[in-house]
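Everything on this sheet refers to the single structure shown next.
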Ligand code: SF4
């Protein structure tokens, strides 16, 4: 790999970032804990969505000490709607380690910070460069897209080993005096200019150093093989209301998808099976009135799709403790598909 224009490339990128960067709340701080929170929230989630969550989060938990031991239900409630809930659990476990092992100060070197729960190479590099100004790589999808084009890297980014190539490239290119602006500049360029389908090359500050621009093949990069096929699951969700206007809810398993979140009973629909019968048996419910379907929709996760049909019934269960009032439900953490149903019912 030839880095003949490294100095110029750095300068153009850093100057462009400092001139054009979006005004985002986490760009007003260099507190490593807050940078860490923002980076975890931004994984798999759009910037616009993250902003209000970030603001609420740092207001409620302004320091590692305030967050480290907060009850799980509170932190899930704060994260409600963001998805990928294991992120916040891992974040809390990592922050707890910071409080217990490092006196509340996030480590400023890659070896120690990488030992924290939930901190992968990207998050480590982002916190080290943005909060501490260290020239450390932070390679995410945006960075791989930009650099695959600038440097003409044709390796398949769907393969985990390819990341190393980009990490080495950033280590070579990064501006040691402006590590934060350099890394954020690459990410920002990927988000605003060097976008997946129609890169705005004419507005690009590093066009002069971009091999894909010269070759005219930017949209063919990065190379990425197709993901495995999406799994489809069909569910009937029963909203069971008792004669006091309370609703039947259950807590999901402590492990796996949406762990420990609350939901209305979900029955997987399989050929030849009667969903209502399964509800009656599994939840020990007596159904008195059927109101029919209130909502049909699908919810897409990264690897599977839920096809949901939500139906309202009046009923009662032998176990009274499973029913919750409206006020109680409002305080419980629920995943997005359940919130959608709850909003419809309300
Ligand atoms: Fe991306 Fe075009 Fe800029 Fe190259 S010139 S980095 S392809 S936007």
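None of the figures in this text is laboratory data; all of them are computed from the coordinates on show. From a predicted model like this one, the values you see are computed outputs, not experimental measurements. Cβ atoms come from the backbone with ideal geometry, glycine included; neighbour counts cover every protein chain shown.
Quick notes on this structure:
- Mean separation of Cα contacts under 8 Å, 6 or more apart, over the residue count of the stretch 77-151: relative contact order %: 19 percent
- The chain: angle of helix 32-42 to the longest principal axis, Cα-based, in degrees nearest 10: 70 degrees
- Hydrodynamic radius of the stretch 196-265 by the Kirkwood approach over all distinct alpha-carbon pairs: 17.8 Å.
- The chain: most fluctuating residue of 214, 136, 188 per GNM, C-alpha cutoff 10 Å: 214
- 26 Å tail of the calculated P(r), the stretch 1-130, as % of Cα pairs: 26 percent
- To the nearest ten degrees, helix 162-173 and the longest principal axis of the Cα atoms of the chain are 40 degrees apart.
- Rounded tilt (10° steps) of 336-345 against the dominant C-alpha axis of the chain: 40 degrees
- For the chain, modelled as a GNM whose springs connect Cα atoms under 10 angstrom apart, the maximal fluctuation among 254, 218, 317 occurs at 254.
- Working note: Debye formula, equal point scatterers on the alpha-carbon atoms of the chain, no solvent; log10 I(q)/I(0) at q = 0.08, 0.13 Å⁻¹ is -0.50, -1.04.
- Cα pair distances in the stretch 148-204, grouped into 10 Å bins until the bin that holds the longest one, percent each: 20, 49, 31, 1
- Sorted on the mean count of surrounding Cβ atoms within 10 Å across their residues, most packed first, peptides 234-246, 320-332, 34-46 read 34-46, 234-246, 320-332.
- Percent of alpha-carbon pairs separated by more than 17 Å within the stretch 6-46: 49 percent
- The spacing between the stretch 68-113 and the stretch 143-192, judged by their C-alpha centroids, is 27 Å.
- The alpha-carbon atoms of the stretch 96-174, seen along their principal axes, cover 44, 24, 17 angstrom, with the largest extent given first.
- Note: relative contact order over the chain, using C-alpha pairs below 8 Å and six or more positions apart, is 16 percent.
- Annotation: average projected area of the stretch 231-345 is 7.2 square nanometres, based on the convex hull of Cα atoms across all directions.
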